[in-house]
Amino acid sequence: MSSTFAELAPPEIVARYEPVIGLEVHAQLATATKIFCSCPTSFGAPPNTNVCPVCLGLPGALPVLSRQAVEHAVAAALALNCTIRSRSQFARKNYFYPDLPKGYQISQYDQPFSEHGWLDISVDGATKRIGVTRVHMEDDAGKSVHDGFKDSDEYTYVDLNRCGTPLIEIVSEPDMRSSDEAVAYMTEVKQVLQFVEASTCDMEKGHLRCDANVSVRLKGTEKLGTRAEVKNLNSFRFVKAAIEYEIARQVAILEGGGKIHQETRLYNVASGVTVGMRSKEDAHDYRYFPEPDLVPLRIGDAWRERVRARMPELPSAKRARFAGSYGLREYDAQALTATRAMSDYFEKAAAVSGDPRAAANWVMGDLLGALNAAGKDIAESPVSAERLGELVALVRTGALSGKLAKDIFPRMIETGEAASAIMDREGLRQISDSGALDKILDDVLAANPKQVEQYRSGKTAVLGFLVGQVMKASRGQANPGSVNDMLKEKLG
């Protein structure tokens, strides 16, 4: 805990309380158009240009539900182990905000399209199941842009490009008991959504954000405390920091004899504290009622199963398979399933290499190191998975030494060429033939009579020096194993 948290409530006091945390994760669906109209969802367009009468909420404009949005939403819900309802209903959620021109949001209330799911997370080696209450669809509001101060006045501009962007809201059960569990849950949600390609989850573009519902209670108490909702957290670091601050704040109030009030709060990134925004609304404050301009949504068994059939293997199953089939450590399996592109790259490389564990080391080490230095994603790698697998296979079969492979790889990154092509052009194939090595060894022994005598007098550690001289003389092309065996034989 930071000093800010400790000033609110010392860690030993906080330790007497149990946090109860639930997350509402909002993810933008990866559609080309908005959920109820044909306006594009492209990021970075000039303000108020990706709009039409429907998303502006003009009188007489009627929404039409996007089939692609529904299919992305169903894929996400299935990946979260939810039950898909055959009939669901959109509803109007009424509230006023400057960037919500309709005066209401089209969402789902008492009849969401999916519910009763779960997701397993792992924290400190322990697995825990987090319940998913529901996943429902809704449209997004616009964006208020605060421009700082001009002549002592603060200006706020409204950009409505985001109005009508398709979202799903994933509401968890209050099953998390620490900020680490909350971050692990949100990380797993992000991975799942990316794997099924329901959302890009690009947090810098606002495609993934969450609201955290936090309360505390004395350990051993069953009754839940009064919760506060911290809105619009758009990074894992802020999720963790905001939850930890809110826990300490609530504990400090209770320890001081105060009372927690149900409210909505915002996390101030600059100061690292949460601040009150408004008293928390209940459902009746939004005056929900069925959306009169949209018929109920019906998702039949055949449609649901078509979506399921297109889904890839999910991260949790892939991690288990990587560990079981390839013998990878849990940490390596986690790293290699961080994204779908990463896992696909590794599997292709492993298939060609014949040595999955070595392929994993090359992907996580040399490849990612080079890509990070160049500011590239694995999808932009100049070295294909098949060519990396070939490099690993060349080392495995003895055609290339590990040292030469390390020398060749940067050239592969630079040119995109195959390792074999670079080896042939520059004469870098490993020398394993005893006839080819014999003269090199004789020359090294003749040039180092002192070390030869030391070895023959019992100082066998000098063999390493002689091996090094052979490797140097062969420009690193000699097979170290063959050199070692041949030197021992020549030295008697």
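The values are calculated or read from the model by the stated rules, or taken from the named source; none is laboratory data. In this text the structure is predicted, and so the values were computed from the model without any measurement. Reconstructed Cβ throughout: ideal geometry from the backbone, glycine too, with neighbour counts over all protein chains shown.
Using the structure shown, decide if residue 462 is without any contact (Cβ under 8 Å) to a residue 12 or more places away in the chain and surrounded by 15 or more Cβ atoms within 10 Å (Cβ to Cβ). Spelling it out, residue 462 is indeed without any contact (Cβ under 8 Å) to a residue 12 or more places away in the chain and surrounded by 15 or more Cβ atoms within 10 Å (Cβ to Cβ). Taking segment 255-294 as the range and being among the β-branched types (Val, Ile, Thr) and either assigned to a helix (DSSP H, G or I) or under 20 Å from residue 17 (Cβ atoms) (or both) as the test, the residues that pass are 260, 273, 274. Here the condition is being closer than 30 Å to residue 81 by Cα, of a type in the set (Lys, Arg) and surrounded by 12 or more Cβ atoms within 10 Å (Cβ to Cβ); of 304, 265, it holds for 304 alone. In segment 3-41, of all residues being crowded, with 18+ Cβ neighbours inside 10 Å and modelled with pLDDT under 95, the one that is farthest from residue 254 (Cα to Cα) corresponds to 5. When residues in segment 46-84 are screened for being surrounded by 14 or more Cβ atoms within 10 Å (Cβ to Cβ) and either closer than 18 Å to residue 29 by Cβ or not assigned by TED's automatic domain parsing to the domain that holds residue 169 (or both), 21 of them pass. Output the number of residues of segment 63-95 satisfying the condition of being among the hydrophobic types (A, V, I, L, M, F, W, C), touching a strand residue (DSSP E or B) at 6+ places or on another chain (Cβ under 9 Å) and more than 18 Å from residue 200 (Cα to Cα). Residues flagged as among the hydrophobic types (A, V, I, L, M, F, W, C), touching a strand residue (DSSP E or B) at 6+ places or on another chain (Cβ under 9 Å) and more than 18 Å from residue 200 (Cα to Cα) within segment 63-95 amount to 5. Set side by side, the residues 336, 297, 224 differ, and just one is in the same structural domain as residue 210 (by TED's automatic domain parsing) and crowded, with 17+ Cβ neighbours inside 10 Å, which is 297. Which members of segment 21-52 meet the condition of being under 22 Å from residue 91 (Cα atoms), without any contact (Cβ under 8 Å) to a residue 60 or more places away in the chain and in contact with a helix residue (DSSP H, G or I) (Cβ under 9 Å, 6 or more places away or on another chain)? Listed by number, the list holds a single entry, 33. Among the residues of segment 367-426, those that are surrounded by fewer than 16 Cβ atoms within 10 Å (Cβ to Cβ), closer than 19 Å to residue 357 by Cα and at pLDDT below 95 comprise 396, 397, 398, 402, 403, 406. Can you confirm whether residue 358 is under 20 Å from residue 411 (Cβ atoms), among the small types (Gly, Ala, Ser), in the same structural domain as residue 330 (by TED's automatic domain parsing) and surrounded by fewer than 22 Cβ atoms within 10 Å (Cβ to Cβ)? When the stated conditions are applied, residue 358 passes them.
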